[in-house]
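The values are calculated or read from the model by the stated rules, or taken from the named source; none is laboratory data. As the structure is a prediction and not an experimental result, all values here were calculated from the model. Cβ sites come from the backbone with ideal geometry, for glycine too, and all protein chains shown count toward neighbours.
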């Protein structure tokens, strides 16, 4: 199971990495959308957890650009923007889930439980 964490905040990437590392084999990181696109092609992660607002290319643009890729990862977008219209747009463009910062990173939170479920589900098919 390989997870890609994408955020321009190194501290946020580290915090998320610490929370999910017991659940996965490999965690790779990217600091912006351009690096994310490169990692998706080269590393082929099962799941990409992507910040919505980043320099260069944001989460929505990543969703638009990977539409034509083969073997896309499941995409989880997370954001501090709680507008329903933003969430709806991300889901329409292919995100599996949209979570809100920073609450989704807490154990016992419904969003974090959904993320764990997605990781477990994807892990079942990892070597098939």
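In this structure, residue 67 does not satisfy being surrounded by 13 or more Cβ atoms within 10 Å (Cβ to Cβ) and out of contact with any helix residue (DSSP H, G or I) (no Cβ under 6 Å at 6 or more places or on another chain). Give me the residue from segment 7-27 that is out of contact with any strand residue (DSSP E or B) (no Cβ under 8 Å at 6 or more places or on another chain) and surrounded by 12 or more Cβ atoms within 10 Å (Cβ to Cβ) and, out of that set, farthest from residue 60 (Cα to Cα). Only one residue fits best here, namely 23. Being under 20 Å from residue 101 (Cα atoms), touching a residue at least 60 places away in the same chain (Cβ under 8 Å) and touching a strand residue (DSSP E or B) at 6+ places or on another chain (Cβ under 9 Å) is not true of residue 63.
Considering each residue of segment 71-79 in turn, none proves to be in a helix (DSSP H, G or I), within 21 Å of residue 122 (Cα to Cα) and touching a strand residue (DSSP E or B) at 6+ places or on another chain (Cβ under 8 Å). Within this structure, residue 55 fails the test of being part of a loop (DSSP other than H, G, I, E, B) and touching a strand residue (DSSP E or B) at 6+ places or on another chain (Cβ under 6 Å). Of all the numbered requirements in (1) in contact with a strand residue (DSSP E or B) (Cβ under 6 Å, 6 or more places away or on another chain); (2) modelled with pLDDT of 90 or more, residue 99 misses one, and that requirement is (2). Restricting 41, 5 to those that are more than 23 Å from residue 112 (Cβ to Cβ) and either touching a residue at least 12 places away in the same chain (Cβ under 8 Å) or in a strand (DSSP E or B) (or both) reduces the list to 41. Considered as a group, the residues in segment 76-91 that are over 16 Å from the mean Cα position of the chain (by Cα) and without any contact (Cβ under 8 Å) to a residue 12 or more places away in the chain include one that is farthest from residue 113 (Cα to Cα), and that residue is 85.
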